[in-house]
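Each value in this text was obtained by applying a stated rule to the coordinates, not by laboratory testing. Note that this is a predicted model, so its numbers are computed, not measured. Note that we place each Cβ from the backbone using ideal geometry, even for glycine, and neighbour counts take in every protein chain shown.
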Amino acid sequence: MDSKTTKPYRHCPDEEYKISIFICRGRQKAHYPKCPECEFRTTTEEISPIPVEKETITSTSPSQTKTGSIMVKSEPPSAVIFLDDDNIGVTPAIITQILPGKYKIKIKMEGYNSWSQSVNVKANKETSLTAVLHGKDCSVAIESNPTKAEIFIDGNRVGVAPVTIDNAKAGKHLVEVKLDGYEVWSKEINVETEQKTSLIAELTANYGTISLSSEPTNAKIFIDGIEVGTTPANLSPVPHGTYLVEVMIDGYGVWGESVTVEPGKENVLTAILQVKTGSASIKSRPKNAKLYLDGKYAGTTPESILSINPGTHEIKIEMDNYDVWTETVNIEAGKENIITAVLQRSTGTLMVESEPENAVIFVDGKEIGHTPEIIMSSAKGTHAIEVRMDGYDIWKKNVDIEPGTEKSITATLQLKTGSLNINSKPSDATIIVDGKEVGTNPGNHNCTSTRQPSC
């Protein structure tokens, strides 16, 4: 075959470049993915080996000449293959039925420097080549506001802004700029060969601020369970989102609130902490007594007093006719004090004396002693007091006795009296009893003495 003979070319489905019959057969041999749908796959045409055109090579039939092959790959793939300047397809490919000899393989791809290598084809052998392509001199300069954001190109971290990437590959790339507290900035750029691409990423804040104070101050602050400081505090930056803010200090209940932080906004919070309290369960015998806590009326027994501040407190219980019961108790946070007050009846006193002394004393009809005597009473109210002595009239008096009071009474007893019927002859005589003139006879006269009158 003459070296000027036109080579037959074919197209792989959906590919732009024409390929030679050598490439076609090589791809079929390599099980190229598109071969099953190729119209030439089932052809029965027997194509004689066609030598690659070289000035020093003449046509020879396959029955007379043995051939070799070249396996060509590239990184990245889909680069154009040139065999001695003839475009014969794209990588990866196997070029078959090549006459032995020296050839020049060149690989080209847009945005990359050309790659070339000489290869010596030997009969009945396959030579493998892998072309690692390098991008043409392109650069990308990236800045961010604020600075020090991380730069990613096509998902790969390339540095911190501001940064310039030299020897960038030409073509389309996805640039992402990331900084804590800011939304991810992204943009697709087209890097052109031998040109510098510059861009500035204006980042949008993705955080807010929490300004937190408390009463009392110096309380610990927790966000989602993590301690972040003490009050008062200005927490920034806080990424956008919803958080549980808690404030704690010993002796006080936990303060908590759910807070939604929005970009660029400040959340102002004031935590009013409540003192942890204790309680007291108070009973009395008898019940229904008045109950006082630190001087303030708190109900009647039995009673449970909740939310008592920790510390020392006075409990007072009062009931009519009973002594006042008081006790100092220590209330602890989170604990309950159980208190039972046993009330004692209160008494009043009454001092009973008499003239003459040693008279018998009766209280409410019951004999209790002789004068002089101190009477103790546990019952509030009016009591009937009687003082008795032979030869004397009974002395009686109603006396009010108040618990906790003292009274004194003196019973002046009166002698019992009788009568005398005195006659004399002659009549109209003067009658004298115990030296005292009491009248003339005849007549009846009272006598207070138990002795015989002197008449």
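Overview of results
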{"item": "Neighbour-count ranking [beta-carbon atoms within 10 angstrom, fewest first] of LEU83, LEU413", "result": "LEU413, LEU83"}
{"item": "Among the listed pairs LYS102/LYS169; LYS296/LYS407; LYS283/LYS407; LYS316/LYS366; LYS290/LYS335; LYS290/LYS397, those beyond 26 Å (Cα-Cα)", "result": "LYS102/LYS169; LYS296/LYS407; LYS283/LYS407; LYS316/LYS366; LYS290/LYS397"}
{"item": "Size of charge dipole - segment 172-312 - debye, nearest 20, with Cβ of Lys, Arg +1 and Asp, Glu -1, no other charges", "result": "1200 debye"}
{"item": "Relative contact order for segment 278-342, counting Cα pairs under 8 Å that sit 6 or more residues apart, in percent", "result": "42 percent"}
{"item": "Relative exposure of HIS313, HIS134, judged by other C-beta atoms within 10 Å (fewest first)", "result": "HIS134, HIS313"}
{"item": "Eligible aspartates and glutamates near LYS34 by straight Cα distance, threshold 14 Å, same-chain separation 8 or greater", "result": "ASP14, GLU15, GLU16"}
{"item": "Spin-label model distance (nm) - THR204 vs GLU39, 7 Å beyond Cα toward Cβ", "result": "5.2 nm"}
